[in-house]
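K.L.:
Just passing along the structure, written as structure tokens.
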Amino acid sequence: MTAEATAAPELTRYQLTEAELAGTPRRRLGLAILSIQTIRRFEKWLLDNAGLVHGPLHSSIGQEATATGAALALRSSDWLTSTHRAHHDVVAKLLLAATPADFDPFAADAVTEGMADPVQRTLAEIMGLEQGLCHGRGGSMHLWDRQGGVMTTAIVGGGIPPAGGYALASKLRGTGDVGVAAFGDGASQIGAFHEAAALARAWGLPLILLLENNHYSVATSVQETAGFTRLATRARGYDMPAIVVDGMDPIATYEAMARAREHAVAHGPVLVEAITYRYYHQNGPLPGSAFKYRSKDEERDWRARDPAVAWPRSLLEAGLLTADEVQHVQGLANALVARCVAALTVETEDGPAIPPELYPPVEDAHRGMLGPGLPDLAPELVDETPDPGAEPMTYTEAIQGVIGRALEREPEAIFLGEEVGHLGGGVMGLTKAAVASRPAQVLSTPICENGFSGAALGAALAGMHPIIEFMYPDFTLEATDQLFNHIAKSRYMYGGDHDVPIVARTQISRGRGYGPQHSCDPAGLFTSYPGWRVAAPTTPADYVGCWNAAMLSRDPVLIIDDHRLAKTTGVLPSAGFDHVVPMGKPRLVRPGRDVTVVTWGYASTRVAEVVAELAGRGIEAEVLDPRWLDEASFPRAAVLESVGRTGAIVIAEDAQHTLSMGARLLDHLQPDLHPLLRTAPRRVTGLDAYSPVSKPLETYVHIQDDDIRAAIVAAAGKDEA
Amino acid sequence: MSTPIKMPNLGAETDEARVGNWLKGVGDTVMEGEIIAEIETEKANVDLEMPATGRLTEILIEAGTDAKVGTVLARYDEA
């Protein structure tokens with residue numbers, strides 16, 4: 001994927017002329033008033049009734065024209081991400097996306113049902129109600145609507161990479177839609193902005209970076225956070241054009257956004273800096289001046305340009321609309337908000353109250369943490385019998401083959417990561433087959449783990465099937481915001497009903513002298529965030545099977561391999577590269593009667609040797625490879641069944657002790673485990689040291705055969721023969 | 001008609017704040033937007049403004065006293 005070269009990027013200031021305003025269709029003026037007034041009424045009602053909202057209210061009052069102008073320039077199928085302060089962006093986008101082409105704001109007696117519905121569901125979500133956009137899980141700061149094309153996130157800058165992902169999906173599919181990331185001046189400092197801008201520029205994505213400069217991040221001015229005030233100049237660093245526009249004027253903002261949209265679709269990303277102002281403090285009903293970080297005079301100057309008051313008045317003065325027309329449209333907006341409020345509250349002596357039956361049922365509090373699991377699978381896909389006609393293959397060949405097969409099977413699967421399309425198959429050679437057969441689906445990214453992880457989220461929410469590769473597991477820490485604040489939480493916090501199909505893969509590189517920053521086992525990290533499923537397949541057949549389960553899953557799945565397994569061999573079942581190992585299904589490596597050993601990955605290769613030796617000494621260990629490690633996918637019942645026969649358990653893994661899984665798995669097996677045990681449960685891990693470079697030290701900190709042996713013997717609790 | 005001035009909602013972090021100091025007294029006629037008191041929270045000191053021009057008739061919460069959001073702090077007669 002490439003972008004076109006451009007001449008020196010432009011930084012233009014868009015100035016609406018009187019002639020352009022006079023030439024603006026009256027309907028557009030009417031819709032702008034409708035949107036601005038709806039947002040204003042909506043926000044005022046919330047501030048006046050803050051007691052009905054559980055949580056903070058970051059009012060957008062003052063910024064309505066920016067959101068309205070932007071939404072007027074967008075298609076309903078364009079996708080907008082926004083921030084903790086997003087009521088204006090969401091109401092404008094959803095209301096205008098739902099406005100029928102023949103809706104005449106000057107003639108209609110009321111907005112249509114279809115226009116009212118998303119506004120009511122937005123208000124309901126902010127109030128935490130079942131009919132809300134996200135069934136009350138997201139509230140004010142985490143809003144989502146697929147149909148109207150909005151997603152908001154409470155993490156500053158967090159919505160920018162997913163908007164790029166939507167733009168990526170649009171470009172690959174050729175839909176002509178754009179992704180729009182609305183964010184504030186504060187967000188232009190954070191890494192997510194820069195990674196998303198870099199990725200969008202490198203790939204020429206149809207992304208509009210809508211910088212709503214309201215001059216303050218909480219109480220810190222732009223001058224103080226940035227050292228300068230014209231933030232649009234940041235676009236120059238990415239060789240992209242920028243347009244600065246008066247964000248207090250909806251038509252000027254519309255014109256700038258319409259030009260930006262045209263550029264984005266034809267050429268690639270563009271930044272629009274809308275100069276605007278929030279009249280209130282960060283949150284709550286007081287003006288910023290009450291907190292003394294800005295003056296009343298400054299606020300008065302901006303109030304004089306109030307988009308809900310001064311702008312309609314300017315239309316009257318210009319003779320473009322009559323007072324009756326303005327009042328009529330404002331009346332539609334007021335009636336719309338009143339109607340939403342009436343649907344969600346009852347009047348009491350103490351003012352409006354929420355009928356208890358409108359809250360979500362508490363039984364639903366856990367619903368939608370994960371998707372519904374795998375579809376029904378044909379028996380031949382899950383049959384694990386090695387194919388008698390097949391040759392053994394290496395673990396590496398299994399990885400190469402199944403990645404290639406996945407991209408061939410799914411034209412909308414895309415593989416993103418650093419170098420993955422270069423060197424004939426990435427730095428590890430694992431995309432070799434994919435590059436050979438489906439090069440267009442293998443996208444080498446800039447070095448931007450957070451950027452490409454967020455892009456994967458946006459593409460996944462748009463319905464594509466992204467696969468992301470982290471060259472080393474430790475590099476996932478660069479992407480923690482997108483991996484854990486966003487990808488892990490997206491299904492749940494946006495209502496539990498939509499799929500987040502992302503496959504992530506990485507390779508444990510302990511034992512190669514890469515040192516403390518290339519050697520972690522990421523299982524403990526990823527399983528700390530439910531929403532992620534985690535597989536650690538040990539054999540070629542298991543890798544293929546877990547991979548295909550991950551591709552069939554509608555949840556994000558991390559698949560961990562280990563370079564120390566690269567040359568190990570095995571024979572695939574007869575389903576070949578279509579073989580599936582469902583979540584919750586372990587592999588019985590070896591039956592035994594004296595102790596159950598749960599182990600996977602490199603550790604399992606050490607366990608195999610120790611167990612064979614102990615068998616000669618009269619201790620018969622049963623070895624189970626769980627294959628799936630997250631709590632929801634771990635084969636709990638099968639492990640308990642085994643321990644029920646052996647009365648003892650050892651968990652052996654090569655992770656650094658503190659980052660290891662064993663303690664958590666033992667806790668997950670409780671309280672059912674304890675009554676089954678004859679002896680204390682035992683864990684074997686690496687030492688609690690970051691894998692050092694010096695070879696003898698490195699070897700010493702990894703899992704040791706002597707420790708495995710001692711644990712199994714002690715747990716078995718019997719004298720050796 | 002006497003109108004209440006209530007302890008404002010200062011954001012989600014707190015449901016209580018302290019009246020730090022009254023800058024106007026009973027009987028004073030105050031313009032809309034003039035600061036009548038300072039409100040102190042753990043995070044910030046904020047100005048309490050006169051909601052509409054009028055004459056203060058009662059001060060119900062003394063300086064230095066904590067009050068919940070929504071508590072009537074004073075009353076005034078609109079001009």
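K.L.:
Answer yes or no as to whether residue A:268 is buried (at least 24 other Cβ atoms within 10 Å of the Cβ), more than 19 Å from residue A:171 (Cβ to Cβ) and either at pLDDT 95 or above or touching a strand residue (DSSP E or B) at 6+ places or on another chain (Cβ under 9 Å) (or both).
P.N.:
Criteria not met by residue A:268.
K.L.:
For region B:1-40, what are the residues that are aliphatic (A, V, I, L, M), touching a residue at least 12 places away in the same chain (Cβ under 8 Å), surrounded by fewer than 19 Cβ atoms within 10 Å (Cβ to Cβ) and within 11 Å of chain A (Cβ to nearest Cβ)?
P.N.:
The answer is B:35, and nothing else.
K.L.:
Name the single residue, out of those in region A:139-176 being closer than 20 Å to residue A:449 by Cβ and surrounded by fewer than 24 Cβ atoms within 10 Å (Cβ to Cβ), that is nearest to the chain's Cα centre (by Cα).
P.N.:
A:155
K.L.:
Can you confirm whether region A:33-48 contains a residue that is aliphatic (A, V, I, L, M), within 32 Å of the chain's Cα centre (by Cα) and more than 14 Å from chain B (Cβ to nearest Cβ)?
P.N.:
yes
K.L.:
For region A:705-718, give me the residue count where each residue is in contact (Cβ under 8 Å) with a residue 40 or more places away in the chain and surrounded by fewer than 17 Cβ atoms within 10 Å (Cβ to Cβ).
P.N.:
Selection size over region A:705-718: 3.
K.L.:
Would you tally the residues in region A:78-107 being in a loop (DSSP other than H, G, I, E, B) and within 21 Å of residue A:176 (Cα to Cα)?
P.N.:
5
K.L.:
In region A:455-490, which residues are within 25 Å of residue A:409 (Cα to Cα) and part of a helix (DSSP H, G or I)?
P.N.:
Result: A:455, A:456, A:457, A:458, A:459, A:460, A:461, A:487.
K.L.:
Only residues that are more than 23 Å from the chain's Cα centre (by Cα) and among the polar types (S, T, N, Q): list them for region A:100-130, please.
P.N.:
A:112, A:120
K.L.:
Here's a follow-up. Collect the residues in region A:319-336 that are surrounded by 13 or more Cβ atoms within 10 Å (Cβ to Cβ), of a type in the set (A, V, I, L, M, F, W, C) and assigned to a helix (DSSP H, G or I), keeping them in residue-number order.
P.N.:
A:326, A:329, A:332, A:333, A:335, A:336
K.L.:
Right, here's the next one. Got at least one residue in region A:337-344 being of a type outside the set (Gly, Ala, Ser), closer than 22 Å to residue A:71 by Cα and not in a loop (DSSP other than H, G, I, E, B)?
P.N.:
Looking through region A:337-344, at least one residue is of a type outside the set (Gly, Ala, Ser), closer than 22 Å to residue A:71 by Cα and not in a loop (DSSP other than H, G, I, E, B).
K.L.:
If residue A:514 passes every condition in (1) aromatic (Phe, Trp, Tyr); (2) surrounded by fewer than 24 Cβ atoms within 10 Å (Cβ to Cβ); (3) within 17 Å of the chain's Cα centre (by Cα) but one, which one does it miss?
P.N.:
For residue A:514, the exception is condition (3).
K.L.:
Give region A:522-547 a look and list any residue that's outside any helix (DSSP H, G or I) and among the acidic types (Asp, Glu), or say none.
P.N.:
Selection gives nothing.
K.L.:
Considering only residues that are under 11 Å from the mean Cα position of the chain (by Cα) and either away from every other protein chain (no Cβ under 12 Å) or farther than 20 Å from residue A:283 by Cα (or both), which ones fall in region B:41-57?
P.N.:
The answer is B:50, B:56.
K.L.:
Only one of (1) in contact (Cβ under 8 Å) with a residue 60 or more places away in the chain; (2) more than 20 Å from residue A:716 (Cα to Cα) fails for residue A:600. Which number is that?
P.N.:
It fails just one condition, (2).
K.L.:
Counting only residues that are more than 14 Å from chain A (Cβ to nearest Cβ) and of a type in the set (A, V, I, L, M, F, W, C), which one in region B:58-71 is farthest from residue B:26 (Cα to Cα)?
P.N.:
Among those that are more than 14 Å from chain A (Cβ to nearest Cβ) and of a type in the set (A, V, I, L, M, F, W, C), it is B:67.
K.L.:
Which one is surrounded by the most Cβ atoms within 10 Å (Cβ to Cβ) among residues in region A:271-287 that are away from chain B (no Cβ under 14 Å) and among the hydroxyl-bearing types (Ser, Thr, Tyr)?
P.N.:
A:276
K.L.:
Among A:304, A:323, A:308, A:342, which is the only one that is among the hydrophobic types (A, V, I, L, M, F, W, C), in contact (Cβ under 8 Å) with a residue 24 or more places away in the chain and away from every other protein chain (no Cβ under 14 Å)?
P.N.:
From the options A:304, A:323, A:308, A:342, the qualifying one is A:308.
K.L.:
Something else about it: Of all residues in region A:645-676, which are over 22 Å from residue A:583 (Cβ atoms) and part of a helix (DSSP H, G or I)?
P.N.:
A:645, A:646, A:657, A:658, A:659, A:674, A:675, A:676
K.L.:
Taking the stated definitions as given, is residue A:601 on the phi > 0 side of the Ramachandran plot and surrounded by fewer than 23 Cβ atoms within 10 Å (Cβ to Cβ)?
P.N.:
In short, no.
K.L.:
Give region A:49-71 a look and list any residue that's more than 11 Å from chain B (Cβ to nearest Cβ) and in a helix (DSSP H, G or I), or say none.
P.N.:
Once the filter is applied, which keeps residues that are more than 11 Å from chain B (Cβ to nearest Cβ) and in a helix (DSSP H, G or I), region A:49-71 yields A:52, A:64, A:65, A:66, A:67, A:68, A:69, A:70, A:71.
K.L.:
Let me ask you something else. Looking at this structure, is residue A:164 of a type in the set (Gly, Ala, Ser), assigned to a helix (DSSP H, G or I) and in contact (Cβ under 8 Å) with a residue 24 or more places away in the chain?
P.N.:
yes
K.L.:
Quick check: is even one residue across region A:680-695 loosely packed, with under 15 Cβ neighbours inside 10 Å, in a helix (DSSP H, G or I) and either modelled with pLDDT under 95 or within 37 Å of the chain's Cα centre (by Cα) (or both)?
P.N.:
no
K.L.:
So, one more: Filter region A:287-318 for residues that are among the acidic types (Asp, Glu) and part of a loop (DSSP other than H, G, I, E, B) and give the result.
P.N.:
Correct list: A:306 only.
The values are calculated or read from the model by the stated rules, or taken from the named source; none is laboratory data. Owing to the predicted nature of the structure, the values given are computational and were not obtained by experimental measurement. For neighbour counting, all protein chains shown are included, and Cβ atoms are generated from backbone atoms with ideal geometry for every residue, glycine included.
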